[in-house]
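Novice: Handing you this structure, nothing more for now.
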Amino acid sequence: MTVALHEEPLLSVSSETLDPQEWDEIRAQGHRMLDDMIDYAANIRERPVWSPIPDDVRARFREGLPVKPSALGEVYREFSDSIVPYATGNVHPGFMGWVHGGGTAVGMLAEMLAAGLNANLGGRDHIPIEVERQIVEWTRAMFGFPSEASGIFVTGTSIANLMAVLVARTAALGRSVRQHGLGQDGALLTAYTSTATHGCVSKAMDLAGFGRDALRCIETDRLHRIDVAALRTRIVIDREAGLKPFLVVGSAGTVDIGAIDDLCALSALCREENLWFHVDGAYGALGVLSPQLAPRLAGLEHADSIALDFHKWGQVPYDAGFLIVRDGRQHRETFAAPAVYLRRETRGLAAGSPWPCDLGPDLSRGFRALKTWFTLKTYGTEKLGAMITRTCALAGYLEARILAEPRLELLAPVQLNIVCFRYRAENANQVNGDIVADIQESGISAPSTTVLDGRLAIRAAIVNHRTDICDVDALIAAVLEFGAQRSSPGGVLPNVEPSPPLARGK
Ligand SMILES: Cc1ncc(COP(=O)(O)O)c(C=O)c1O
């Protein structure tokens, strides 16, 4: 097909933009939305934690591309009726699945302000980038990193871990790896972590071109901490085989049970062996804000890089992942890529180099820093630290309830805020999997599952600042009730009606 250019010259330019003709209408609509979302957070306990999506609601999201406009009020009604009641549920205090933060109204408001500014934080000289730099500075102070450290917001720890693998790769092979690829030297590089490390680290090795086999997963002790002696032995064996160990990934809070590796021992080993020491601190790293937990994270300050999420224990609304690198020069050398259309100047809007796009793969970037800045300033680190301590105390309460209940069995030591347990039954894996799905569908609570030594565990990760003792009690009661029904032959499931989703439309 040939495209005729300028067939019909544009004789007139319409004055139409996407702005409303009546600003007062959108103002009124905006106030309603704001009120509704504040009510949503304020009254969240009145809702089910999660509701299965009815077929007709799901079908609404299979409709075709809208060509003609719709009134904003109409679209908002659809949001209220079909999206709000079927969201993940992690705002709710009964949500304990996976590792999800609860968010705050402060973070929500900041997100609206950020969208209003519509700033692009890839680069250039504007205050939103200074806000991000201030958070880099605050994070540096939190972890006791030196002034040359650099940091950047990313979507989440999965990406931050990938970026750390890339920085470690550049440090090992030199900048030429960016031009020539991994080559023969790269094929010899090996990385080390424990069997309890999150799967995104092995994915990072895959994405970085090393392949998953280049990651050695070392066994753990009873508390799921990496066996440092076994790690040392494996490094020796690999060196003797002509391989080139380059990276150790420690965990500050494993995803399954919340184990913290011996970070001091790992950092000492990495110094001795001249290896890059990265810590996956997705949720656990912010434990440094809790005076009770901070001593257990000793050694974090010696890491070469740390990945963490402000959207988990930090309660910043999704997403707000972060990577901090001790040596900012190595960080920049991994990602900076000059281009004529991104020329840096010493004055004007194109000043302010280095730009955040020199520190990661993204060029266009949103203002994630603002919701984090509002959260840190509004609550302060003392209060956030106290909230982190409180979630661990709730996990301790849940542990005590399990230990006092003969029908339940604790499946792993409780070290932070994660509790793994099960209902004692024949065919326990099947029964406990069913119990979790039953509880989720009931809307009472939302734990998730994991498998520990072949045993399916009900896993409660208490991350949400709203979770309270009554939510832990409700989880236990639901496990016992559904467990009794599921494990008694021919048992009838309790008639727990999910609460109807509240209508939000106005
Ligand atoms: C220990 C750990 N590492 C990495 C991740 C992945 O983080 P994200 O989901 O932010 O990419 C998680 C997620 O829960 C985690 O718990």
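Novice: Looking at region 335-358, can you tell me whether even one residue there is outside any helix (DSSP H, G or I) and within 16 Å of the ligand (Cβ to nearest atom)?
Specialist: No: zero hits.
Novice: Does region 3-24 contain at least one residue that is in a helix (DSSP H, G or I), at pLDDT 95 or above and among the aliphatic types (A, V, I, L, M)?
Specialist: Step one: list which residues in region 3-24 are in a helix (DSSP H, G or I), which gives 23-24.
Next, from what is left, pick out any that are at pLDDT 95 or above: 23-24.
Narrowing the set further to residues that are among the aliphatic types (A, V, I, L, M) leaves none.
Looking for residues that are in a helix (DSSP H, G or I), at pLDDT 95 or above and among the aliphatic types (A, V, I, L, M), one finds none in region 3-24, hence no.
Novice: If I filter region 231-246 for residues that are touching a residue at least 24 places away in the same chain (Cβ under 8 Å), among the β-branched types (Val, Ile, Thr) and surrounded by 24 or more Cβ atoms within 10 Å (Cβ to Cβ), do I get at least one hit?
Specialist: So far as region 231-246 goes, no, none of its residues is touching a residue at least 24 places away in the same chain (Cβ under 8 Å), among the β-branched types (Val, Ile, Thr) and surrounded by 24 or more Cβ atoms within 10 Å (Cβ to Cβ).
Novice: Regarding residue 458, is this residue of a type in the set (A, V, I, L, M), assigned to a helix (DSSP H, G or I) and crowded, with 19+ Cβ neighbours inside 10 Å?
Specialist: no
Novice: Another question, then. Does residue 369 satisfy being of a type in the set (Gly, Ala, Ser) and either more than 16 Å from the ligand (Cβ to nearest atom) or closer than 18 Å to residue 131 by Cα (or both)? Please lay out each step first, then the result.
Specialist: Working: of a type in the set (Gly, Ala, Ser): yes; either more than 16 Å from the ligand (Cβ to nearest atom) or closer than 18 Å to residue 131 by Cα (or both): yes.
Here the answer is yes, as residue 369 does meet what is asked.
Novice: Oh, and also: Picking from 278, 331, 302, which residue would you name as being within 27 Å of residue 147 (Cβ to Cβ), more than 16 Å from the ligand (Cβ to nearest atom) and crowded, with 23+ Cβ neighbours inside 10 Å?
Specialist: So the residue among 278, 331, 302 that is within 27 Å of residue 147 (Cβ to Cβ), more than 16 Å from the ligand (Cβ to nearest atom) and crowded, with 23+ Cβ neighbours inside 10 Å is 331.
Novice: Right, next: Any residue at all in region 133-150 that is assigned to a helix (DSSP H, G or I) and within 16 Å of the ligand (Cβ to nearest atom)?
Specialist: yes
Novice: Those residues that are in a loop (DSSP other than H, G, I, E, B) and out of contact with any helix residue (DSSP H, G or I) (no Cβ under 8 Å at 6 or more places or on another chain), I need them from region 394-423; list them, please.
Specialist: Matches in region 394-423: 404, 406, 411, 412, 413, 415.
Novice: Filter region 363-393 down to the residues that are outside any helix (DSSP H, G or I) and over 18 Å from the mean Cα position of the chain (by Cα) and list them by number.
Specialist: 363, 364
Novice: Can I ask one more? Does residue 499 meet the test of being modelled with pLDDT under 95 and among the hydroxyl-bearing types (Ser, Thr, Tyr)? Break it down stepwise before answering.
Specialist: On the way: modelled with pLDDT under 95: yes; among the hydroxyl-bearing types (Ser, Thr, Tyr): yes.
Taking the combined requirement at face value, the residue satisfies it.
Novice: Would you confirm whether any residue within region 282-292 is in a helix (DSSP H, G or I) and within 9 Å of the ligand (Cβ to nearest atom)? Working first, answer last.
Specialist: Residues of region 282-292 that are in a helix (DSSP H, G or I), as a first pass: 284-289.
Pick out the ones that are also within 9 Å of the ligand (Cβ to nearest atom) and you get 284.
Yes - at least one qualifying residue is present in region 282-292.
Novice: If residue 296 satisfies every condition in (1) buried (at least 22 other Cβ atoms within 10 Å of the Cβ); (2) closer than 18 Å to residue 313 by Cβ but one, which is the exception?
Specialist: If we test residue 296 against (1) buried (at least 22 other Cβ atoms within 10 Å of the Cβ); (2) closer than 18 Å to residue 313 by Cβ, just (1) comes out false.
The values are calculated or read from the model by the stated rules, or taken from the named source; none is laboratory data. Owing to the predicted nature of the structure, the values given are computational and were not obtained by experimental measurement. Every residue, glycine as well, gets a Cβ built from its backbone with ideal geometry; the counts of neighbours run over all protein chains shown.
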